[in-house]
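Note sheet for the following structure.
The values are calculated or read from the model by the stated rules, or taken from the named source; none is laboratory data. Fair warning: this is a prediction, and the values are worked out from it, not measured in the lab. Heads up, the Cβs are rebuilt from the backbone with ideal geometry, glycines too, and the neighbour counts pull from every protein chain shown.
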Amino acid sequence: MTQLLIKTEDISKIYKIGKLEIAALKKVSLNITKNEYVALIGPSGSGKSTLMNLLGCLDTPDRGKYFLNNYDVSMLTDDGLAKIRNEEIGFVFQSFNLIPRMSALENVALPLIYAGIKKADRLEIAAKKLADVGLTERITHKPNELSGGEKQRVAIARALINNPSIILADEPTGNLDTKTSYEILDLFEEIHAKGNTIIMVTHEADIASRSHRIIKLRDGMIESDEPNIPASA
């Protein structure tokens with residue numbers, strides 16, 4: 001039986017600028033099941049970044065409900081959202097978000113500090129995750145000693161470190177050249193094949209075409225939601 005991982009019911013988000021109200025999301029309802037590979041795509045202002053922030057528990061909806069693993073996260077406090085983020089979601093960002101003074105190994109191990117895991121075990125787990133993304137030979141290198149593609153692999157290893165329910169990737173190839181972008185997308189395909197659920201936010205159709213389901217947003221609403229046969233790199 002397919003496991004429902006994400007369910008949103010008419011979620012809306014309204015931003016206030018002075019007396020002006022801007023509806024960034026308008027009654028968006030969607031379901032995402034375990035081990036899906038979904039792309040959220042749309043032009044600037046379509047609502048995809050707002051939806052990503054809500055799905056990633058970086059924000060809460062003003063109206064509607066959001067269930068993650070059958071748990072209603074719509075009304076959580078900031079502390080509650082932080083706990084869910086740490087336990088359920090692995091983030092991969094366009095800008096990598098690595099700590100410059102730390103090695104690749106230390107960057108990947110960092111989330112395990114908050115999980116209360118002792119240092120030797122943290123580093124062992126982090127080394128394995130770096131091996132999984134092909135960076136065994138680079139674990140002692142700091143971010144400024146790594147290429148853009150290697151930095152993103154470190155970020156992906158860090159996202160996987162807590163075995164999250166969801167990998168949430170925000171424009172993960174935005175700072176990479178075409179060849180490196182395809183290598184990172186190949187890695188996401190491998191991660192998905194191992195059973196991970198991936199939600200990728202992008203404005204590029206060719207990047208979205210590598211996913212297995214494409215949700216297009218426009219003007220804060222879902223314009224289309226279709227299965228996709230991934231294009232080859």
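I want to confirm something. Restricting to the stretch 36-46 and keeping residues that are buried (at least 16 other Cβ atoms within 10 Å of the Cβ) and modelled with pLDDT under 95, which single residue is farthest from residue 80 (Cα to Cα)?
So the first thing to find is which residues in the stretch 36-46 are buried (at least 16 other Cβ atoms within 10 Å of the Cβ), and the list is 36-42, 46.
Restricting the remaining residues to those that are modelled with pLDDT under 95 gives 42, 46.
Working: 42: 30, 46: 28 Å.
Only one residue tops the list, namely 42.
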Of all residues in the stretch 92-127 being closer than 20 Å to residue 197 by Cα and modelled with pLDDT of 95 or more, the one that is farthest from the chain's Cα centre (by Cα): 108
Extreme residue, nearest to the chain's Cα centre (by Cα), among residues of the stretch 128-138 that are crowded, with 19+ Cβ neighbours inside 10 Å and either polar (S, T, N, Q) or outside any helix (DSSP H, G or I) (or both): 133
Pick from the stretch 140-176 the residues that are outside any loop (DSSP other than H, G, I, E, B) and β-branched (Val, Ile, Thr): which of them is surrounded by the most Cβ atoms within 10 Å (Cβ to Cβ)? 154
Can you tell me which residues in the stretch 108-132 are more than 16 Å from residue 98 (Cα to Cα) and β-branched (Val, Ile, Thr)? 117, 125
